[in-house]
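The structure appears below as structure tokens.
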Amino acid sequence: MPVDFSGTWNLISNDNFEGYMTALGIDFATRKIAKMLKPQKVIKQDGDSFSIHTTSTFRDYKLQFKIGEEFEEDNKGLDNRKCKSLVTWDDDKLICVQAGEKKNRGWTHWLEGDDLHLELRCENQVCKQVFKRA
Ligand code: 1AG
């Protein structure tokens with residue numbers, strides 16, 4: 001049985017979100033607002049199908065995918081660039097490669113103890129987020 005990421009998760013730490021957003025070309029004013037946010041993730045995992053809904057007081061982002069099936073990602077409300085994205089398992093980690101204009105773009109989700117971890121990558125920047133169950 002694969003690990004189950006399903007649940008509602010609240011952000012408790014957010015390391016180098018500023019660097020990640022800068023690498024994505026997010027403007028100063030938006031970064032100032034965005035780095036104050038404490039987003040919540042609602043993850044639904046059903047076999048190989050996932051939905052990950054990230055919500056905040058400022059912007060929301062909804063992602064749906066199947067493991068191993070490339071999809072068009074629009075990053076609407078984030079940097080708005082389009083990517084060809086692909087999520088695969090690497091042991092118990094979920095790895096997403098977001099191919100597009102930005103080099104080395106992607107993310108990894110994993111569980112550690114009772115916490116949900118997320119590493120967000122763009123170019124030479126890595127943001128590390130940790131979430132606890134709501
Ligand atoms: C995400 O991807 C996307 C959600 O977690 C936010 C993560 C990073 C934000 C990306 C770029 C910053 C751009 C604009 C800043 C403006 C608002 C920030 C809003 C944050 C809440 C939506 C991985 C995920 C899998 O889909 O969990």
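The values are calculated or read from the model by the stated rules, or taken from the named source; none is laboratory data. What you see is a predicted model, and the numbers here were worked out from it, not measured in a lab. Cβ atoms come from the backbone with ideal geometry, glycine included; neighbour counts cover every protein chain shown.
Numbers for the structure displayed
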read-out: Filter pass, LYS35 being near the ligand (Cβ under 9 Å from one of its atoms) and touching a residue at least 60 places away in the same chain (Cβ under 8 Å); value: no
read-out: For ASP74: the one exception among (1) farther than 18 Å from GLY7 by Cβ; (2) near the ligand (Cβ under 9 Å from one of its atoms); (3) among the acidic types (Asp, Glu); value: (2)
read-out: Criterion: touching a strand residue (DSSP E or B) at 6+ places or on another chain (Cβ under 9 Å), under 27 Å from ASP27 (Cα atoms) and not hydroxyl-bearing (Ser, Thr, Tyr) - qualifying residue of LEU63, LEU94; value: LEU63
read-out: Tally of residues being of a type in the set (Lys, Arg) and either crowded, with 18+ Cβ neighbours inside 10 Å or at pLDDT below 95 (or both) across region 50-81; value: 0
read-out: Restricting region 82-114 to residues that are of a type in the set (D, E, K, R) and touching a residue at least 24 places away in the same chain (Cβ under 8 Å), the residue that is surrounded by the most Cβ atoms within 10 Å (Cβ to Cβ); value: LYS102
